[in-house]
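Asks: One structure, pasted below without further comment.
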Amino acid sequence: MGRKLKSIWVFHLNTGACNGCDIEILDVLTPYYDAERLGVKLVGSPRHADALLVTGPLTRQTYYAAKKAYEAMPPSPRIVIAVGTCACSGGIFYDSFSVHGGIDKLLPVHIYIPGCPPRPEEILFGIAQLVGLVNKKVKQVVQRASPELKTEPLERLWLDLREETRRVVGYFDRDEVLNTFKELVLKAYTRYDPRRSLEKLVDEYCSQTDDPRLCFVMKYLYTRFLDILEWYKKSHYNIEDMLREEAWRRAT
Amino acid sequence: MTSYVTLPYPFEPTEAPPEYRGRPIIDPERCIGCGACARACPPDAITVEDDLQRGVRRVKLDVSRCIRCAFCEEACPAMAIKLSREFELATPNKEDLIQIVEIPLVKCAVCGRYTNATVRQVAKANAITTHLPQALREEMSGYVNLCDRCRRVRAASRIYESIPIFHKPSTKATVGEVHGSKT
């Protein structure tokens with residue numbers, strides 16, 4: 001890629017993708033993202049193409065087809081764009097019997113766009129990099145950790161509760177719901193009878209919220225919390241004293 | 001009045017929505033190097049290997065193989081790995097997508113070689129056993145600093161000592177020697 005590219009004509013080649021990346025590429029061509037304003041045009045034959053847009057891992061079935069498509073392209077500039085985790089490195093299929101790995105096993109790749117699937121913005125960012133509009137933002141990091149351990153107080157208890165939250169709440173809301181419950185627990189443990197006041201606090205929370213799902217989760221977490229306390233008690237782990245300490249530390 | 005439909009993205013910055021799963025990032029201050037994420041990772045994007053010469057454990061995260069399933073985040077006992085909302089990852093060089101965290105290993109208290117546990121793992125093991133009786137804690141903390149071999153030898157000699165008919169006072173002194181002579 002000696003000279004700056006202006007208008008890239010692209011041939012879209014699927015070497016065994018699950019269609020996720022292909023759908024994102026369709027998205028990029030819609031008026032909302034509009035890759036054509038960057039000069040990109042999808043063509044029907046590799047003979048007309050400057051770039052080969054590859055999605056999917058390189059399977060044994062498509063090995064020679066991919067090779068032929070590459071050879072059919074005009075000798076210059078012959079750009080290869082790997083879209084999606086699979087095309088970059090094989091992804092989840094990297095050790096499958098029928099998969100060679102990423103497209104870089106066969107062709108020289110000019111730009112990798114990882115993601116499973118990549119967002120349309122991510123693909124636009126990759127194209128913009130090819131055209132020379134933006135610079136890359138990532139680089140390899142090697143971090144040497146210090147020997148000191150950084151932990152939160154009562155980390156084990158919160159992890160146990162997170163495990164329980166996982167059973168009823170989805171990935172996105174989990175932390176928020178758990179933090180709300182955490183606040184309730186710590187509030188209850190500044191009081192005289194923490195278990196009963198936690199029950200009251202949970203009831204209060206349920207009467208305030210208008211979302212029955214949140215109400216269910218809080219009540220569920222309350223029962224699980226009691227079970228976990230019992231479990232800690234059986235293993236002689238004095239978690240309630242620690243909770244009280246932590247609650248007072250937070251309160252003051 | 002004209003209204004624009006097209007996103008002005010590459011010319012103006014944009015952000016991913018809050019529920020977006022972007023590249024995972026390891027927090028080097030929290031990671032204890034236990035390798036739970038590496039076990040959970042379906043495409044083996046995270047690999048853990050010990051460098052016994054330099055005495056570090058290398059946790060290597062290859063984002064070019066990551067499928068954003070967030071299993072690592074679920075598995076992490078130290079809440080060290082999190083999926084970020086970062087999405088601008090396109091790069092001409094695949095090496096740019098690698099993050100490596102190096103965590104120092106513990107030296108064996110008997111033979112002095114590096115063990116297969118990190119310093120932070122041992123600190124964590126000591127931190128979560130604070131509720132145990134003092135005698136038991138001391139007994140346990142004697143084992144956490146040892147390498148696999150010395151730990152086995154020590155456990156065997158403790159059992160040996162605990163049985164009165166086998167008991168010989170000289171057993172304890174030979175622990176180091178047994179280890180040294182075999183290697």
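Asks: With the requirement that a residue be at the interface with chain A (Cβ under 7 Å from one of its Cβ atoms) and not in a loop (DSSP other than H, G, I, E, B), what does segment B:1-57 give you?
Replies: Scanning segment B:1-57 gives B:9, B:10.
Asks: Residues A:126, A:115: which one is closer than 20 Å to residue B:43 by Cβ and crowded, with 19+ Cβ neighbours inside 10 Å?
Replies: One residue alone meets the criteria, A:115.
Asks: Something else now. Need the failing condition index for residue B:112 against (1) crowded, with 18+ Cβ neighbours inside 10 Å; (2) part of a loop (DSSP other than H, G, I, E, B); (3) not assigned by TED's automatic domain parsing to the domain that holds residue B:28, just the number.
Replies: (1)
Asks: Out of A:51, A:69, I need the residue that is over 21 Å from residue B:85 (Cα atoms), within 14 Å of another protein chain (Cβ to nearest Cβ), of a type in the set (Gly, Ala, Ser) and more than 25 Å from the chain's Cα centre (by Cα). Which one?
Replies: Residue meeting the stated conditions: A:51.
Asks: For the subset of segment A:148-162 comprising residues that are within 13 Å of residue B:123 (Cβ to Cβ) and either buried (at least 18 other Cβ atoms within 10 Å of the Cβ) or within 7 Å of another protein chain (Cβ to nearest Cβ) (or both), which member is modelled with the highest pLDDT?
Replies: The qualifying residue modelled with the highest pLDDT is A:149.
Asks: Could you tell me which residue of segment A:216-240 is farthest from residue A:165 (Cα to Cα), considering only residues that are surrounded by 14 or more Cβ atoms within 10 Å (Cβ to Cβ) and modelled with pLDDT under 90?
Replies: Selected residue: A:237.
Asks: Which condition does residue B:90 not pass, out of (1) away from every other protein chain (no Cβ under 12 Å); (2) at pLDDT 90 or above, if it passes all the others?
Replies: Here residue B:90 clears every test but (1).
Asks: Looking at segment A:130-147, which of the residues that are within 7 Å of chain B (Cβ to nearest Cβ) and over 16 Å from residue B:100 (Cβ atoms) is modelled with the lowest pLDDT?
Replies: Filtering segment A:130-147 for residues that are within 7 Å of chain B (Cβ to nearest Cβ) and over 16 Å from residue B:100 (Cβ atoms), the one modelled with the lowest pLDDT comes out as A:147.
The values are calculated or read from the model by the stated rules, or taken from the named source; none is laboratory data. As the structure is a prediction and not an experimental result, all values here were calculated from the model. Cβ sites come from the backbone with ideal geometry, for glycine too, and all protein chains shown count toward neighbours.
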